[in-house]
Amino acid sequence: MAAEEAAPGTPQGAGAQETLSNLLHEGRRFAPPAALAEAANVRADAYQASRADRLGFWAEQARHLHWDREWDQVLDWSGAPFARWFTGGRLNVAYNCVDRHVESGHGDQVALHFEGEPGDRHSVTYAELQREVCRAANALTELGVHAGDRVAIYLPMIPEAVVALLACARIGAPHSVVFAAFSPGALRSRIDDAQAKVLITADGYHRRGSVVQLKPNADEALQADGGAQSIEHVLVIRRSGQEVPWTEGRDLWWHETTERQSDRHTPEAFDSEHPLFILYTSGTTGKPKGILHTTGGYLTQVSYTHRAVFDLKPDTDVFWCTADIGWVTGHSYIVYGPLANRATSVLYEGTPDTPNQGRFWENVDRYGVSILYTAPTAIRTFMKWGTEIPARYDLSSLRVLGSVGEPINPEAWIWYRENIGRERCPIVDTWWQTETGAIMISPLPGVTETKPGSAMRPLPGISAEVVDSDGNPVPNGAGGLLVLDQPWPSMLRGIWGDEERYRQTYWERFADQGYYFAGDGAKKDEDGDIWLLGRVDDIMLVSGHNISTTEVESALVSHPAVAEAAVVGATDPTTGQRIVAFVILRGGSEEVATLAEELKTHVAKEIGPIAKPRQIQVVAELPKTRSGKIMRRLLRDVAEDRALGDTTTLTDASVMDLIAAKLPHAT
Ligand code: 6R9
């Protein structure tokens, strides 16, 4: 009997804490480039300093910001799990992100290089940004928005989106950004939940060479019959120039409303714990959670991590985070972190393949991007398109490469290093969540000897552990659940309007120990470095062994024929679960039947026979969320021959029909 078909009766869950000892036997190591290490913003001693005095370390980071009133206490954890950081301190986020740079003589420095998808482009300096933010803050005030009122933002990737976020921050009105490609229904439920007073949107935007309408979606979300009722005004930014439906009295053009405002505005200092924004995470089930972030701790950690992890040098670097402003990555590393650090950033409206598959590299070349922060899903797409595309461009300006959003497979990591970084640039694989607000686990580019596929260690000032189901730390070499065992400055302060759900979702699992449960599986290797193994819900249990989807996917992607893979565990009467793999091929010309056998053997060789997929299906696309994460839940529905669950967060729902049509039912 083959190992993957162990006898029935194998106690399920017996392997709950064990992982196969030979998983991810990745031996490659990459030391930081000497010149970068020499001049790095953060050195190895930061780890010791933060361990010796964690709160003192964060206070020191907070002092990089301008505080109108210094705090009384760094951390008040007496109301755990509700943290208060820098209590009594007062500051204005927009002042810190814009005005103080103008005041220090950097008004002419470019804050944003905007690149529209059709090729229109312009740059915005810090002095211009200051005037725009002041006008927008005055306009919101004129519309009756006061500190504490919520503003919904439904915008494409244009400079006005950055202005809108900062204007809200300036007047203390928490924003709730809803990704522009989300449906009217998603917008409506988010507006309702936060009871937003004003909505900022646009006529439309450019995507994949065509114009996408946005205003009609906003109207649908607000319609009198069944729509959100809390909105008093809609500010509409003109981007695409097409005609839009108009509701007199409610709708106002952004340009008309802001242009007549003064470009001066005195920022008010807000309490360190004043709400800064709400951002909804879709989660796997139920109603979206409104993740709440506040002011002082959030800005401290996003600016520190941006400085430390990307080694940002504000006078010379050009930073480009390719995320959308609708995700936390856009909030923290397009808007707040880079601007607090006086970075010059690129803001790109469109997709990587418009008008051709070289668009990202053309952008890097044009703006001299030195730090690039993108996602594994994008990297795997570039791998599929082939090395000859980036090879055509001058990428010599790059010096640090970042990854976020999913575990990065070692092969994708190596590809990124070789073909984009040209073997010169350290790669920082950054683990964090909407809930954590900022990067938590990542290499430091001037310090860490990196391992392809590992996010390595918690950053200075951050504490994380991998524990077993009883909450005990696992020994090196073993796997378990990732927890955060100390509060951190940019942690969520709750779920908007639902204190109980906050406690249940994150704090109940390890209530005895008081740990935050991240929902991710992880492994500590022999050196104690951390490897993320995917969401716990996705981890498979085959004949009593826990097997991570990430590891099997990484083994598949390490085969030269495979560009991308998604693996799920489907219920099996004999083994508990069986492994079903969906793969996208690189060239596409192989003989599929023989290839499937070869891939199974390959996985068995890389990981062990227990991890061998029972079925392998070649597909053209994988179902992904709009932020690029693979939706294994839907693939599990297909593998188990069930009706599909909720597909509303899927980029392209038709992908599922194609996949379902191809999968022969399990025998
Ligand atoms: C920033 C962001 C959070 C979840 C997280 C984890 C996955 C993010 C990762 C990673 C492995 C990384 N994730 N970064 N997994 N390695 N470097 O993506 O926030 O959208 O809330 O997603 O994404 O599963 O729990 P969010």
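Any read-out appearing in this document is the output of simple, stated calculations on the displayed coordinates, not a laboratory observation. Everything numeric here is computed off the predicted structure, so don't read it as measured data. Neighbour counts run over all protein chains shown; Cβ positions are idealised from the backbone, glycine included.
Based solely on its DSSP helices, what 222 nm [θ] is calculated for the chain when runs of n ≥ 4 H residues each add -39,500 (n - 2.57) and the sum is averaged over all residues, nearest 500 deg cm²/dmol?
-7000 deg cm²/dmol
Quick one: Debye curve from the alpha-carbon atoms of the stretch 302-460 only, equal weights, vacuum; give me log10 I(q)/I(0) at q = 0.17 Å⁻¹ to two decimals.
Values, matching the q order: -0.96.
Antiparallel versus total DSSP beta bridges in the chain: what percent is that, nearest 5?
Antiparallel: roughly 60 percent of the beta bridges in the chain.
Once the other residues with Cβ under 10 Å from the Cβ of D76 are scored (Lys, Arg +1; Asp, Glu -1), what is the net sum?
Within the 10 Å Cβ shell, the charges total -1.
Is the stretch 474-561 best put as rounded, prolate or oblate by its Cα gyration tensor, with a ≥ b ≥ c the root eigenvalues, rounded for a/c under 1.5, and otherwise prolate when a/b is larger than b/c, oblate when not?
In terms of gyration-tensor shape, prolate.
Ordered by packing density, taken as the mean number of other Cβ atoms within 10 Å over each peptide's residues, highest first, how do 429-439, 173-183 rank?
429-439, 173-183
Compare the peptides 240-250, 373-383 by average per-residue count of other Cβ atoms within 10 angstrom and give them in order, highest first.
373-383, 240-250
I need to check one value: relative contact order of the stretch 34-521, counting alpha carbon pairs closer than 8 Å and at least 6 residues apart, in percent.
Reported as a whole number, the value is 16 percent.
Which of rounded, prolate, oblate describes the stretch 386-494, given a ≥ b ≥ c as roots of the alpha-carbon gyration tensor eigenvalues and a/c under 1.5 marking rounded, otherwise prolate only if a/b is larger than b/c?
prolate
Under a Cβ-Cβ cut-off of 14 Å, what is the net charge of the residues other than I191 that fall near it, where Lys and Arg count +1 and Asp and Glu count -1?
0
Could you list the residues of the stretch 183-198 with an amide nitrogen less than 16 Å from a label point located 7 Å from the Cα of D498 in the Cα-to-C-beta direction?
Label zone hits: 186-195.
With just the Cα atoms defining each centre, how far is the stretch 545-588 from the stretch 279-331? Give it in Å.
Result: 31 Å between the Cα centres.
Based on the Cα atoms of the chain, what semi-axes does the equivalent ellipsoid have, where each is the square root of 5 times one gyration tensor eigenvalue, given in whole Å with the largest first?
Result for the chain: semi-axes of 39, 28, 26 Å.
Which order do the peptides 48-59, 608-619, 452-463 come out in when sorted by mean C-beta neighbours inside 10 angstrom, highest first?
Going by the mean number of other Cβ atoms within 10 Å, highest first, we get 452-463, 608-619, 48-59.
Take the alpha carbon gyration tensor of the stretch 543-661, find the square roots of its eigenvalues, order them as a ≥ b ≥ c, and report rounded if a/c is under 1.5; if not, report prolate when a/b exceeds b/c, else oblate.
Oblate, because a/c is 1.5 or more while a/b does not exceed b/c.
What's the local net charge at R208, with K and R +1, D and E -1, over the other residues with C-beta under 12 Å away?
Neighbour charge sum, excluding R208 itself: -2.
Rounded to the nearest 5, what is the percent of antiparallel bridges among the DSSP beta bridges in the stretch 543-661?
Percentage antiparallel, nearest 5: 75.
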